[in-house]
Amino acid sequence: MTNIPATIRVQPGGALTGRVRVPGDKSISHRAIMLGALAEGITTVTGFLEGEDCLATIAAFRAMGVEIEGPREGLVRIHGVGVHGLMPPREPLDLGNSGTSMRLLCGLLAGQPFDSVLTGDASLRKRPMGRVAEPLRLMGATVETAEGGRPPLAIRGTRMLHGIDYRLPVASAQVKSALLLAGLYAHGYTCVTEPAPTRDHTERMLGGLGYSVERAGPQVCLHGGGHLVAADIEVPADISSAAFFLVGASIAPGSNLLLEHVGMNPTRTGIIHILREMGADISLENEREVGGEPVVDIRVRSSRLHGIHIPPGQVPLAIDEFPALFVAAAAAEGRTVLTGAEELRVKESDRIQVMADGLQALGVAATPTPDGMIIEGGAMGGGEVDSHGDHRIAMAFAMAGLHAGGTITIRNCENVATSFPGFVRIAAAAGLAVTAEGGEGA
Ligand code: S3P
């Protein structure tokens, strides 16, 4: 990862037009490496996200003896070693900024016969890992955390995991996935019940690679001891990256943008429902299914947004999109209220506080609450904001330039490359008056 602090600067005005294909889905790209590594045979992945987070997952599996070719222009070939073929890593696995890598790997490594240590950058080392360590301990794993359940994680090897029937206290696809991955190594059934639907890419991909997963309402179960068979995986464009363009085109008068080949998994579509409820003009074209995941082209035209009470049921389905949605709310007419989203406080940054601070710096009446935000939409000025090294905050404020009355300068943007390499180039080509200084990251 580049450590050069990058600044993004956006001049006011402009519109988004033409066609854009944003990079591959981050969640699916991680899982393709993990499950491809555990499969028997060679898994070929296309559309892979060459972002820093997914590269950290590749590096971790290489360190455990898996041969992985690429990525080159989104193409990766993974020489699977089978469920029991991973080798002990010689050093701690450094997962950079990537919470998904750490939580899913924690589950997967809990069932290995060897010890391992997982660490990451300053942001990742602040994030809660007790939520995976605790249920894994119930399965018989030994996972030690630093103070307060934070990384680094020290995982003791064992062949003695047993399945559990676990009700997730928070809706988290990462915890659900970690337990299912541990469940591959457990005796008997591992069942996870979620309080609200979360992204189901792990379940879908396990099924696609021939592993039987049973789903009944909010519960998903699998039986340990099976095997995975390599298959080709095509990764659609990431709806969480498309989100910035959906908001940008909605708030910039004169916009008419086509976002191509976007993954439309029903556990990820909260952004579409919420923006439509705010009055956005979004149509889905050419709906199809690619490798077990629904895919569409999305047409978005500018419209007059209005504030809403965000439906609580949509929160887990849009959990990564709130930085962008807060910008939409700031540009909308009237008040937007978000509740039930305390999870935002433990993402790559405290996304409630950091977004409220940034919006206030631009003159927006944004009031943070313990579990959400109240935003009075209307005019927005220019100014300087700090993304706190959070990729999605940086990209959200870049789109704010389409509504602002002055130049917006965004500091600490180097981590944009964790999920969206090429963001500045792609956004500029679509019509955003954006430039980057001092780092490839942006
Ligand atoms: C992810 C799940 C979500 C999301 C994260 C990616 C995944 O986190 O915020 O960016 O790939 O499983 P939680 O499951 O913790 O909500």
Task: Hey, Thr198 at pLDDT 95 or above, over 25 Å from Ala318 (Cβ atoms) and among the hydroxyl-bearing types (Ser, Thr, Tyr) or not - done: no
- [ ] For the range 341-348, indicate whether the set of residues that are without any contact (Cβ under 8 Å) to a residue 24 or more places away in the chain, out of contact with any Leu (no Cβ under 7 Å at 6 or more places or on another chain) and of a type outside the set (D, E, K, R) is non-empty.
- [x] no
Task: First in the range 123-147 and in contact (Cβ under 8 Å) with a residue 24 or more places away in the chain, second anywhere and part of a strand (DSSP E or B) and within 13 Å of the ligand (Cβ to nearest atom), Cβ under 9 Å, 6 or more apart - done: Pro135/Val192
Task: Test result for Val175, outside the structural domain of Gly340 (by TED's automatic domain parsing), within 13 Å of Gly107 (Cβ to Cβ) and within 16 Å of the ligand (Cβ to nearest atom) - done: yes
TODO: Consider only pairs whose beta carbons are under 6 Å apart and that are at least six residues apart or on different chains; among these, list those whose first residue lies in the range 309-324 and is not assigned by TED's automatic domain parsing to the domain that holds Thr267 and whose second residue is aliphatic (A, V, I, L, M) and within 10 Å of the ligand (Cβ to nearest atom).
DONE: none
Open item on the list: Can you find a residue that is of a type in the set (A, V, I, L, M) and within 14 Å of the ligand (Cβ to nearest atom) anywhere in the range 60-83?
Closed with: no
Task: Verdict on Arg90 being of a type in the set (Lys, Arg), in contact (Cβ under 8 Å) with a residue 24 or more places away in the chain and within 16 Å of the ligand (Cβ to nearest atom) - done: no
TODO: Could you tell me which residue of the range 51-74 is surrounded by the fewest Cβ atoms within 10 Å (Cβ to Cβ), considering only residues that are under 20 Å from the mean Cα position of the chain (by Cα) and of a type in the set (A, V, I, L, M, F, W, C)?
DONE: Ala59
Open item on the list: Suppose the filter is assigned by TED's automatic domain parsing to the domain that holds Ala32, within 21 Å of the chain's Cα centre (by Cα) and not β-branched (Val, Ile, Thr); does Arg215 pass it?
Closed with: no
Open item on the list: Looking only at the range 383-416, count every residue that is touching a Ser or Thr at 6+ places or on another chain (Cβ under 6 Å) and in a helix (DSSP H, G or I) and tell me the total.
Closed with: 3
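Residue-by-condition table, conditions (1) outside the structural domain of Leu104 (by TED's automatic domain parsing); (2) out of contact with any Lys or Arg (no Cβ under 9 Å at 6 or more places or on another chain); (3) outside any helix (DSSP H, G or I); (4) free of Cβ contacts under 8 Å to residues at least 12 places away in the same chain:
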residue	(1), (2), (3), (4)
Pro12	yes, yes, yes, no
Gly18	yes, yes, yes, no
Ala32	no, yes, no, no
Thr43	no, no, yes, no
Phe48	no, yes, yes, no
Arg62	no, yes, no, yes
Gly65	no, yes, yes, no
Glu69	no, no, yes, yes
Open item on the list: Can you find, within the range 178-235, the residue that is farthest from Ile42 (Cα to Cα) among those that are among the hydrophobic types (A, V, I, L, M, F, W, C) and assigned to a helix (DSSP H, G or I)?
Closed with: Leu179
TODO: Would you check which residues across the range 191-211 are farther than 15 Å from Glu134 by Cα, β-branched (Val, Ile, Thr) and out of contact with any Pro (no Cβ under 8 Å at 6 or more places or on another chain) and list them?
DONE: Thr202
- [ ] Filter the range 361-375 for residues that are touching a Ser or Thr at 6+ places or on another chain (Cβ under 9 Å) and within 26 Å of Pro12 (Cα to Cα) and give the result.
- [x] Met373, Ile374, Ile375
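Restricting attention to the range 159-172, which residues are part of a loop (DSSP other than H, G, I, E, B) and either within 11 Å of the ligand (Cβ to nearest atom) or modelled with pLDDT of 95 or more (or both)?
Scanning the range 159-172 gives Leu161, Gly163, Ile164, Leu168, Pro169, Val170, Ala171, Ser172.
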Open item on the list: Would you confirm, using the coordinates I've provided, whether Leu49 is in contact with a Gly (Cβ under 6 Å, 6 or more places away or on another chain) and within 16 Å of the ligand (Cβ to nearest atom)?
Closed with: yes
Open item on the list: Among the listed residues Leu109, Leu105, Leu118, Leu153, identify the single one that is within 15 Å of the ligand (Cβ to nearest atom), at pLDDT 95 or above and within 22 Å of Arg31 (Cα to Cα).
Closed with: Leu105
Open item on the list: Against the definition (part of a helix (DSSP H, G or I), under 18 Å from the mean Cα position of the chain (by Cα) and within 12 Å of the ligand (Cβ to nearest atom)), how does Arg131 come out, yes or no?
Closed with: yes
Open item on the list: Residue under question is Thr202, and the condition is that it be within 16 Å of the ligand (Cβ to nearest atom) and assigned by TED's automatic domain parsing to the domain that holds Ile78; does it hold?
Closed with: yes
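The values are calculated or read from the model by the stated rules, or taken from the named source; none is laboratory data. As the structure is a computational prediction, the values presented were derived from the model and not from experiment. So basically every Cβ, Gly included, is an ideal-geometry build from the backbone, and we count neighbours across all protein chains shown.
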